[in-house]
Amino acid sequence: MKHSLSQEEKFKMMTDDPLPSVIIRLAIPTMISMLVTAFYNMADTFFVGQISTSATAAVGVAFPVMAVIQAAGFFCGHGSGNSMSRKLGAKDHEAAEQLAAIGFYLAIFVGVIITIVGLIFLKPLSLLLGSTETILPHTEAYLGIILLGAPYMTAQFVLNNQLRFQGNAFYAMLGIASGAIINIILDPIFIFVWNMGVAGAALATIISQLISFILLLAGIRISTCIPIRLKNLKHIKEHLLTIAGGGLPSLFRQGLASIATLALNLSANPFGDAAIAAMSIVGRITMFANSALIGFGQGFQPVCGYNYGAGKYKRVQEAFWFCVKVATGGLLIFSALGIVFAEPLVTIFRKDDPSVISIGSTALRMQCVTFTLGGWVLMNNMLMQTIGKTMRASILAAARQGLFFLPAILILPYFLQLTGIQLAQPVADVFAFFLAVILNRRTMKELAHPIERTQSI
């Protein structure tokens, strides 16, 4: 496939070409970029893990702030990108151009607010996130630098998603992967050669994210994608509502990931730094597999949006079921490997602390038992979000790490102590699966009877 198809060529590819080949062609670059991103997040944990258990825990404690930055970016990026793909499917290019501009500038504005508020309340925020006395200095050093990059980090998520939803996954991959590779190179230099510790890991992250932002912006300009122009800031109120509808599920998904991590850290706090560090490591390992899953699902989203906008609802259904089968098979393999190699995987990140290894390997095995269910949940979430079923998509997005995880992480440790913390995510996964089954039945019925689709949310 050429990397710069015309808008008409993209439309034909999305709506006429064989679905498996189209989805895979779009998914592979996105999966690569997501996996590389996950790898460099794991690299942060790996390199920081060589400093101390407290430093490792600090990166885990700071994750909710990273999740908030991502949530803001995905809210604007998915909100504008989903709507853009449907508008392009309906051949309404003017509205698509306006959505692109509003989504981008909104992300920068929100990022500036995050930076200002986060730096003003840095110490109280670090304590609120679950820092112990030994973790606090590392958390402040890490977050104080990360927050400086929030404006362009949120904007980079928007550019990445807008490229993807227009079928230009190659440029999205190039921007994200390049930044990730640079981060992996800079981490050991800043942390060990320049003796900057966790501050070095944070500095490497914001520099690499800035480079990604520049490359993604260049990708928008040199591709056939809709350009970002100030003059397209029109009908702002109308389009903000559209972006909010499309982005709300992502905001729930990413925002609740932040709250979930906060709740996890606070629940693990009584069990010491080892428990916090172990659960942080497990989170990074499962995030790696989830990144591949999300990357594959993101190959489905533009196909879904274009065909839904063009009125080809049967093709939307066919694409969905193909993705469910592939995702479930892939997660089954990962889960089996995670169960068998749990201890070696955790040891990679913290080989000198037996407590971290013991707690982490048990938690990883437990999560792998139900991990396969995530393919069904995520694909349903992406389907509902892309076709504009905002309420359903938001409820499902909130399920795994909100509606079900938060009660589990608050209740189970009370009765089962540390085991309750390790079991919280698997329990939430089971409930989220059954919720997705219920919501899927209604969505499939509406796609089979498209006349009724305008009457639902």
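Table for the structure above
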quantity	calculated
Pick from the range 359-404, criterion under 12 Å from V427 (Cα atoms) and of a type in the set (V, I, T), ranking: surrounded by the most Cβ atoms within 10 Å (Cβ to Cβ)	T370
Options L106, L128: the member that is among the aliphatic types (A, V, I, L, M) and more than 21 Å from the chain's Cα centre (by Cα)	L128
Verdict on E8 being part of a helix (DSSP H, G or I), out of contact with any helix residue (DSSP H, G or I) (no Cβ under 8 Å at 6 or more places or on another chain) and over 30 Å from L125 (Cα atoms)	yes
Any chance L266 is in a helix (DSSP H, G or I), free of Cβ contacts under 8 Å to residues at least 24 places away in the same chain and hydrophobic (A, V, I, L, M, F, W, C)	no
Qualifying positions in the range 84-100 - part of a helix (DSSP H, G or I) and either among the acidic types (D, E) or in contact with a Ser or Thr (Cβ under 9 Å, 6 or more places away or on another chain) (or both)	S85, R86, G89, E94, A95, A96, E97, L99, A100
Residue match in the range 80-93 (condition: aliphatic (A, V, I, L, M), surrounded by fewer than 21 Cβ atoms within 10 Å (Cβ to Cβ) and modelled with pLDDT under 95)	yes
Output for the range 244-271, where each listed residue is surrounded by fewer than 23 Cβ atoms within 10 Å (Cβ to Cβ) and over 22 Å from L125 (Cβ atoms)	A244, G245, L248, F271
Among residues of the range 327-358, those that are surrounded by 19 or more Cβ atoms within 10 Å (Cβ to Cβ) and of a type in the set (A, V, I, L, M, F, W, C), counted	9
The range 159-207, residues that are in a helix (DSSP H, G or I), among the aromatic types (F, W, Y) and surrounded by fewer than 24 Cβ atoms within 10 Å (Cβ to Cβ)	F170, F190, F192
Where a residue in the range 181-206 is within 18 Å of A58 (Cα to Cα) and among the hydroxyl-bearing types (S, T, Y) and its partner, wherever it lies, is part of a helix (DSSP H, G or I) and modelled with pLDDT of 90 or more, with Cβ under 7 Å and at least six apart	T205/I146
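The values are calculated or read from the model by the stated rules, or taken from the named source; none is laboratory data. Since the model is a prediction, treat every value here as computed from it, not as a measurement. With ideal geometry, Cβ positions are generated from the backbone for all residues, glycine too; neighbour counts draw on all protein chains shown.
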